[in-house]
Amino acid sequence: MTPQKAGIGRITAAVVAMAAMLPYLTLKIFWLTGHPVGVSDPAFMDDPAMVGLNVMTFGMDAVALLLALAFTTRQGMRLPAWLVLLPLWVGTGLLSVVIVTVPVSVLVSGPSIFVTDGPIAPWVYMMVYGGFIGQGVGLIVAFVLYIRDRWPVVFSTALGYGYASPTRPFQTVVARGALPVSALLGGIRLFWAAGNPSPEQALQDGFKGLLALGAGIALVLLVRGRGSGAFWPPLVVGWLGTGVMFGWGLYAMILTVTAGPLGAKMTGAVGLVELFGTLTGLVMAMCGAFLLAERSGMGAGRSGVGHVQPAQDALEGEDREGDRQTADHGHR
């Protein structure tokens, strides 16, 4: 079966994402090669923890760049599912918070949110977060269009579509057990948001809290699999909620373990919330992975949607001799 050619929308979104990544990657290359551009204290970048964090974040953005490039090609449709879904799960979890909170914070408090007492110049923060917003929007749009073409069943089936699920009892236990934990974590963050004098931090805690609550409810709905509503809305909420919990929790844990110069250690209640958020997000995502793997294995049924494979153009026949169209004929 010939993989579907990327449409203009997917290509445009991926190119926007790649263009937004280049300034950040360039800045990281400067810092890692001993050129402290935008940093008033060169020794700051020589800190071993800072070097390690720069290597890690450069690697994360480089992976995102390669995935965005893959979204523009036919070969990208043949990538192993885990190689696409795992990094995009973490990436969209991290970037979604930036996409939502940074523009609102700028509207509320102005550019002063980028001014700190640290050695990094304000313009660096403006460039970095502006790039994050651009690459986040581009990646998410390209990813959605990629899923639509490669796994159309996600958008074309109802929540209650029947399929064989040998692990449903396990999924049910995990979903029901994770719901009170995610509700507690989300409630704590909303409580923090209500009492935080900083609008920026309050907005971030509030957004993370809502997604934690939503993820717990969404996972229960997905596992129950009842109703005629579309499958994708709870999937999106669960995907983003677990990605936010895991991605930001893991980032906080890394800062704590390395004791780097970017922030204080996460201790007390904050540390516990970040730790349990990381673990809960991971467990919920593993449950979701079982669900998606089983659901993607269903054959054609009532809706006429077949097994999840790289999409085939409607003008192409089955792989029988004599009924094939030209590979690029009729593609968008």
Would you mind stating whether residue 143 is modelled with pLDDT of 95 or more and not assigned by TED's automatic domain parsing to the domain that holds residue 248?
yes
Say whether the condition of being closer than 30 Å to residue 291 by Cβ, β-branched (Val, Ile, Thr) and either in contact with a Cys (Cβ under 6 Å, 6 or more places away or on another chain) or surrounded by fewer than 17 Cβ atoms within 10 Å (Cβ to Cβ) (or both) is met by at least one residue in region 55-70.
yes
Checking 182, 165 in turn, the sole residue that is closer than 21 Å to residue 239 by Cβ, among the small types (Gly, Ala, Ser) and not in a helix (DSSP H, G or I) turns out to be 165
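Select, from 117, 149, the only residue that is assigned to a helix (DSSP H, G or I) and either among the acidic types (Asp, Glu) or touching a strand residue (DSSP E or B) at 6+ places or on another chain (Cβ under 9 Å) (or both). If you could, list the steps in order and put the result at the bottom.
Details: 117 fails: assigned to a helix (DSSP H, G or I).
Result of the check over 117, 149: 149.
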Just give me the residues in region 186-210 being within 15 Å of residue 104 (Cβ to Cβ) and without any contact (Cβ under 8 Å) to a residue 40 or more places away in the chain, in sequence order.
193, 196, 198, 201, 202, 205, 206, 210
From the list 187, 177, 195, 209, which one is under 16 Å from residue 237 (Cα atoms), not assigned by TED's automatic domain parsing to the domain that holds residue 60 and not basic (Lys, Arg)?
209
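With respect to residue 105, is the statement that it is assigned to a helix (DSSP H, G or I), hydroxyl-bearing (Ser, Thr, Tyr), assigned by TED's automatic domain parsing to the domain that holds residue 88 and surrounded by 18 or more Cβ atoms within 10 Å (Cβ to Cβ) true? Reasoning before the result, please.
On the way: assigned to a helix (DSSP H, G or I): yes; hydroxyl-bearing (Ser, Thr, Tyr): yes; assigned by TED's automatic domain parsing to the domain that holds residue 88: yes; surrounded by 18 or more Cβ atoms within 10 Å (Cβ to Cβ): yes.
Yes: the conditions hold for residue 105.
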If residue 8 passes every condition in (1) crowded, with 18+ Cβ neighbours inside 10 Å; (2) in contact with a Lys or Arg (Cβ under 9 Å, 6 or more places away or on another chain); (3) not small (Gly, Ala, Ser) but one, which one does it miss?
(1)
Checking 157, 167, 116 in turn, the sole residue that is exposed (fewer than 15 other Cβ atoms within 10 Å of the Cβ) and under 28 Å from residue 77 (Cβ atoms) turns out to be 167
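What residue, of 217, 254, 188, is among the hydrophobic types (A, V, I, L, M, F, W, C) and surrounded by fewer than 17 Cβ atoms within 10 Å (Cβ to Cβ)? Please lay out each step first, then the result.
Numbers: 217 fails: surrounded by fewer than 17 Cβ atoms within 10 Å (Cβ to Cβ); 188 fails: surrounded by fewer than 17 Cβ atoms within 10 Å (Cβ to Cβ).
Answer to the selection: 254.
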Checked pairs for region 62-81, first under 15 Å from residue 19 (Cβ atoms) and of a type in the set (Gly, Ala, Ser), second part of a loop (DSSP other than H, G, I, E, B) and at pLDDT 95 or above, C-beta under 8 Å and 6 or more apart or across chains, list as none
State whether one or more residues within region 5-16 are modelled with pLDDT under 95 and polar (S, T, N, Q).
no
Do we have residue 19 as surrounded by fewer than 18 Cβ atoms within 10 Å (Cβ to Cβ), without any contact (Cβ under 8 Å) to a residue 24 or more places away in the chain and of a type in the set (A, V, I, L, M, F, W, C) here?
no
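The values are calculated or read from the model by the stated rules, or taken from the named source; none is laboratory data. Note that this is a predicted model, so its numbers are computed, not measured. We place every Cβ from the backbone using ideal geometry, glycine too, and count neighbours over all the protein chains shown.
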